[in-house]
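Here's the structure we're looking at; comments come further down.
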Ligand SMILES: Nc1nc2c(ncn2[C@@H]2O[C@H](COP(=O)(O)OP(=O)(O)O)[C@@H](O)[C@H]2O)c(=O)[nH]1
Ligand SMILES: [Mg+2]
Ligand SMILES: [Zn+2]
């Protein structure tokens, strides 16, 4: 359900930016979504395709860049890619702290 | 479109009610409804991390695009910025009054309302307690809170699966929250969506009951990572269920090494002192 809320946020940011730049229409909205952010990408894209109607992004595609989860070990400083939260340090068996992968960001727009 | 207050649902989908009272008017488009506008500036965010596994999900275009003359605009904005801005306003509101605000999250039925009822009965003489109840449909929880003796506002989110910062901001205009008191917010029963939405609270308290699986922290890591306190409820049922308290704590600590724990029975009263101690300590900190 919260994917619809995220799409509303994406469209609002995109339209505001496009209007400010005097664009007539938005062709592509590029977003970065961290893999630990808890977002269902198919659901996000489905919601986008519904909600874009009637906006400057009515014909736009949503380009999703998925960012990997990254963890850092508080004990030894080692970093590793993680795809779930409870990851053990590859170097010392400490628990990794999540330092990346929760991103939810509109990166850029391609407009006319 | 404005989704932060749920108004992209049918117009009356989100309602604000007090037990025994009338529905409060759903104000739309008036002064109540200003949304701060930030001006996005094109700053290049240094991307010092490399993304070795970026996956683009390009979409097939069923229609023709004239890309001639197209240009790229930098945006670099957080998708949740509106919620986060409103959450910051709420946080300032709490700080200005020295109010401790807690966001209680759990699956449906873990005992959020029961813990609130008991807490109100035990502590209302000691500290002012005010409650915001979030639920999709009914006024039931607010009635239970009112019967326990605390002022309460019920937010019904309709189809919405979480409370957001704008709902709390709106609720704060309807509720008297005494200075140096505690605002207890019962979120919609859901361990996924509420993790994403900052309400401006001091801390999220995640509640899990022993009738659920002790692997909940692995299944819902985002929520356990976002919480500061984990209440393990219904300990009176431990003799009857297969719930390994230590395994649950270990799983939660792996997600969030700083997480604190309290084990209690909201209905029988065992272990409540641990919860009250945590509450008193956090309230003293917020009131400074
Ligand atoms: N045995 C037992 N039952 C409890 C306890 N706390 C809550 N319950 C029961 O669990 C059910 C759901 O509780 P409720 O507070 O409504 O959960 P909520 O959906 O998280 O608000 C109710 O039937 C409560 O009586 C407890 O500590 N022990
Ligand atoms: Mg409840
Ligand atoms: Zn390590």
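Filtered by the rule that a residue be free of Cβ contacts under 8 Å to residues at least 24 places away in the same chain and within 14 Å of chain A (Cβ to nearest Cβ), the stretch B:233-288 gives B:249, B:250, B:253, B:257. Per the listing B:102, B:80, the residue uniquely more than 16 Å from ligand 3 (Cβ to nearest atom) and either closer than 20 Å to residue B:287 by Cβ or away from chain A (no Cβ under 14 Å) (or both) is B:102. Take residue B:111 and decide whether it is away from ligand 3 (no atom under 16 Å from the Cβ), in contact with a strand residue (DSSP E or B) (Cβ under 9 Å, 6 or more places away or on another chain) and over 18 Å from residue B:275 (Cα atoms). In short, no. Residues considered: B:281, B:246, B:273, B:201. Of these, the only one that is under 22 Å from the mean Cα position of the chain (by Cα), more than 16 Å from ligand 3 (Cβ to nearest atom) and more than 21 Å from residue B:132 (Cβ to Cβ) is B:281. With respect to the conditions (1) modelled with pLDDT of 95 or more; (2) facing chain B (nearest Cβ under 9 Å); (3) surrounded by fewer than 22 Cβ atoms within 10 Å (Cβ to Cβ), residue A:22 lacks only one, and its number is (2). Quick check on the stretch B:150-160. Is at least one of its residues more than 17 Å from the chain's Cα centre (by Cα) and either within 14 Å of chain A (Cβ to nearest Cβ) or away from ligand 3 (no atom under 16 Å from the Cβ) (or both)? Yes, some residue in the stretch B:150-160 is more than 17 Å from the chain's Cα centre (by Cα) and either within 14 Å of chain A (Cβ to nearest Cβ) or away from ligand 3 (no atom under 16 Å from the Cβ) (or both). For the stretch B:169-198, residues that are more than 14 Å from residue B:132 (Cα to Cα), touching a residue at least 60 places away in the same chain (Cβ under 8 Å) and within 14 Å of another protein chain (Cβ to nearest Cβ) total 7.
Only a single criterion out of (1) within 16 Å of ligand 1 (Cβ to nearest atom); (2) within 14 Å of chain A (Cβ to nearest Cβ); (3) not in a loop (DSSP other than H, G, I, E, B) is not satisfied by residue B:166, namely (1).
The number of residues in the stretch B:246-271 being away from ligand 1 (no atom under 14 Å from the Cβ) and farther than 18 Å from residue B:109 by Cβ comes to 15. Of the listed requirements (1) crowded, with 23+ Cβ neighbours inside 10 Å; (2) at the interface with chain B (Cβ under 9 Å from one of its Cβ atoms); (3) at pLDDT 95 or above, residue A:15 misses just one: (1).
If you go through the stretch B:109-132 and keep only what is farther than 17 Å from residue B:189 by Cα and more than 9 Å from ligand 1 (Cβ to nearest atom), you end up with B:119, B:120, B:121, B:122, B:123, B:124, B:125, B:126, B:127, B:128, B:129, B:130. Residue pairs whose Cβ atoms lie under 6 Å apart, sitting 6 or more positions apart in sequence or on different chains, and linking a residue in the stretch B:117-132 that is part of a helix (DSSP H, G or I) to a partner that is within 13 Å of ligand 1 (Cβ to nearest atom), are B:117/B:144; B:117/B:148; B:118/B:266; B:120/B:148; B:121/B:148. Scan the stretch B:133-154 residue by residue and report those that are in contact with a strand residue (DSSP E or B) (Cβ under 6 Å, 6 or more places away or on another chain) and either more than 14 Å from ligand 1 (Cβ to nearest atom) or in a helix (DSSP H, G or I) (or both). Scanning the stretch B:133-154 gives B:141, B:142, B:145, B:146, B:150, B:151, B:153. Looking across the stretch B:205-232, the residues that are part of a strand (DSSP E or B), away from chain A (no Cβ under 14 Å) and within 16 Å of ligand 2 (Cβ to nearest atom) come down to B:205, B:207, B:208, B:209, B:231. If the condition is being under 25 Å from residue B:100 (Cβ atoms) and modelled with pLDDT of 95 or more, then the stretch B:236-258 contributes only B:249. Condition check for residue A:49 on (1) at the interface with chain B (Cβ under 10 Å from one of its Cβ atoms); (2) at pLDDT 95 or above; (3) over 15 Å from residue A:6 (Cβ atoms): one failure, at (3). Number of residues in the stretch A:42-55 that are surrounded by 21 or more Cβ atoms within 10 Å (Cβ to Cβ) and not in a helix (DSSP H, G or I): the value is 1.
The values are calculated or read from the model by the stated rules, or taken from the named source; none is laboratory data. No experiment lies behind these values; they were computed from the predicted model shown. With ideal geometry, Cβ positions are generated from the backbone for all residues, glycine too; neighbour counts draw on all protein chains shown.
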